[in-house]
Every structure is written in structure tokens, then in C-alpha cells.
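The values are calculated or read from the model by the stated rules, or taken from the named source; none is laboratory data. As the structure is a prediction and not an experimental result, all values here were calculated from the model. We place every Cβ from the backbone using ideal geometry, glycine too, and count neighbours over all the protein chains shown.
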Amino acid sequence: MREILRRAITGAVYIILLLSAVFLSSDAFDFLFMTFGLICLYEYKRLVALKGYHIFIAYLALWWVFIYLVPDQAFVNNEILINILMLVTIIVDIGLLFYLFTKKEKGFNTFRKFVIGLFYIGGGCIFLTMIPYKDNAFAKYLIMGIFILIWVNDTFAYIVGSAIGRTKLYTAVSPKKTIEGTIGGLIFALLAAYIMGQYEPIINPSQWMILAAVVVITGSLGDLVESKFKRSAGVKDSGAILPGHGGMLDRLDSLVFAAPFAYLMLNIFAYVS
């Protein structure tokens, strides 16, 4: 009972902090996720045994360039540079999927650990922050919608999996996840996306549902990737900053991995509309 209460309090504080940043201002939102990114990088460094603090400097430099310098309208090739960052981040994420499904528990050298951390976590947090900006305005309900999709998926994947889950999804990495739970989470996320599409017209209901499928599928893969990092490191959680929930990376693994793919889909929607 005490553990449930602790998880509930931590979850409530996390959600209140997130909502406060989103609705307070775009700068507050940017700063919050810059900070979250630093915490996730610290936890990642411990998981993969990456020494030194160079990755923090590289992340902050990348953040400053792409959040404050590149979006400036005076910057000529801003879209090209953002697309390059998106391509590199997605390539690193796809590389992590090969790592996820390989049977060998191979380690990475220092350079690869650095590149993976910088783009998997740093790039993911940057694109998570870029998502709400549409036509130079801060679309707070768009990013909240993506948060809701992840939360709905996680909640109903757990409920459905606990109720009827029988077929294990990927026991080598996450023995508790089931195929039934995964499908149940996706179905309820699609339903939530359709409902949001009726009230948030920034993209239409069909696009919301496509976005939901992309976010849920890539987010679920991101959760498995982080689980493999933890299994390789021999730990249960990435950290202990969130009592009852583990580390910050445990909370953001799905969002960070899904962010560049969601950003890509939103740009495709803008291009074809």
C-alpha cells in the first residue's frame, strides 16, 4: 500500500510539473526538457559506463544551436540543418533496434556510446521540444496530445496485459510485457487519438490516428531498447530520482525514442496538406 501511495504521489508531481511547464510558457517547457535531457544522459552514462562529462557539453551545445540559433528566421538553411539532425537521430535509433534484436550482449566502444547518447537521448529531447512549434506558435495542445497518447498506451497495455495477457512479447529483454497488452494499448491509444482529433483541429482525426500509431509503436520499441540497456547493465531501473518509478529515463524512454519519428510525421502532414 505504501509503495502504491509513493508511486501515485510521484506520478502526480511529475504530471503537475509537466502541465505547469506546458501551459506556463514555451521557455519553461524548453528549460524543463533540457533539464530532463541532462538527467537522462546522466542515467544513460551510468548504464553504459561512459566516462567523462564531454557528452553533457555536446548536448548543451546541440541544444543551444537547434533550439535557439537554428529556428531564427535569419538563419538561411535552418530547415536543412533540422532535417540533417532528424536523419542522424533516426539512423541512430534504427541502429539501436538492431542492437535490441541481436542475441549478442555486445558492448559499445567509447565513441559509439557517446554518439548514441548524444542523438538517442539528446536528439530525442530536442525533437520533443520542437514538436509543439507550428507556424512560429507554441501548440501546447499538440504536445499534450502526444503525452496523452503515451500515457493511454502505457496504462491500457498494463491493464489489458494483466487481465488477458498470455503471449510474451520479448522475454529476452522484458519478460512481463505481452502481445495482448501491447495490442490493447495501441487500440486504446488510437481511440484516444480519434477523440482528440474531434477537439484539437491542428491536425485532422485521421492524422491524429496515424500519429498515434507511429508514437505508440516507436515508443514501445524505445521502451524495449532502454530495457536492454538495463539488462546489459544488470540493473532494474535507470536511476532512483523518481520514487516508485525509477529514473527519469525510465519515464521518458518511450517519448525520447518516438520524438524524431513523430516530428517526421508532422512534417509529412504539413507537406501533403
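General observations
- Segment 155-167, subset surrounded by 15 or more Cβ atoms within 10 Å (Cβ to Cβ) and either modelled with pLDDT of 90 or more or in contact with a Ser or Thr (Cβ under 7 Å, 6 or more places away or on another chain) (or both), residue farthest from ILE16 (Cα to Cα): GLY165
- Taking the criterion of being part of a helix (DSSP H, G or I) and of a type in the set (Phe, Trp, Tyr), the residues of segment 136-158 that qualify are TYR141, PHE147, TRP151, PHE156, TYR158.
- In the set PHE156, PHE138, only one residue is aromatic (Phe, Trp, Tyr), touching a helix residue (DSSP H, G or I) at 6+ places or on another chain (Cβ under 7 Å) and under 20 Å from PHE269 (Cα atoms); that residue is PHE138.
- Any hit, segment 93-106, residues being farther than 30 Å from PHE23 by Cβ, among the hydroxyl-bearing types (Ser, Thr, Tyr) and in contact (Cβ under 8 Å) with a residue 24 or more places away in the chain: yes
- Within the set ALA139, ALA193, the sole residue that is more than 23 Å from LEU221 (Cβ to Cβ), surrounded by 17 or more Cβ atoms within 10 Å (Cβ to Cβ) and touching a Pro at 6+ places or on another chain (Cβ under 9 Å) turns out to be ALA139.
- Among the residues making up segment 211-241, a single one is surrounded by fewer than 19 Cβ atoms within 10 Å (Cβ to Cβ) and among the hydroxyl-bearing types (Ser, Thr, Tyr): SER232.
- Qualifying residue in segment 207-217 (condition: of a type outside the set (Ser, Thr, Tyr) and either in a loop (DSSP other than H, G, I, E, B) or more than 19 Å from GLY184 (Cα to Cα) (or both)): yes
- In segment 132-190, residue nearest to PHE33 (Cα to Cα) [restricted to those that are in contact with a strand residue (DSSP E or B) (Cβ under 8 Å, 6 or more places away or on another chain) and hydroxyl-bearing (Ser, Thr, Tyr)]: THR182
- Yes/no for ALA172 being closer than 19 Å to LEU100 by Cβ and either more than 17 Å from the chain's Cα centre (by Cα) or of a type in the set (Lys, Arg) (or both): yes
- Failed condition for TRP208, given (1) within 21 Å of ALA163 (Cα to Cα); (2) among the hydrophobic types (A, V, I, L, M, F, W, C); (3) buried (at least 18 other Cβ atoms within 10 Å of the Cβ): (1)
- For ARG112, the stated conditions do not hold, so it cannot be described as in contact with a Gly (Cβ under 8 Å, 6 or more places away or on another chain), part of a helix (DSSP H, G or I), modelled with pLDDT of 90 or more and closer than 20 Å to SER227 by Cβ.
- Residue check, ILE202 more than 23 Å from THR182 (Cβ to Cβ), more than 19 Å from the chain's Cα centre (by Cα), at pLDDT 85 or above and surrounded by fewer than 19 Cβ atoms within 10 Å (Cβ to Cβ): no
- SER238, sole failed condition from (1) in a helix (DSSP H, G or I); (2) touching a Gly at 6+ places or on another chain (Cβ under 7 Å): (1)
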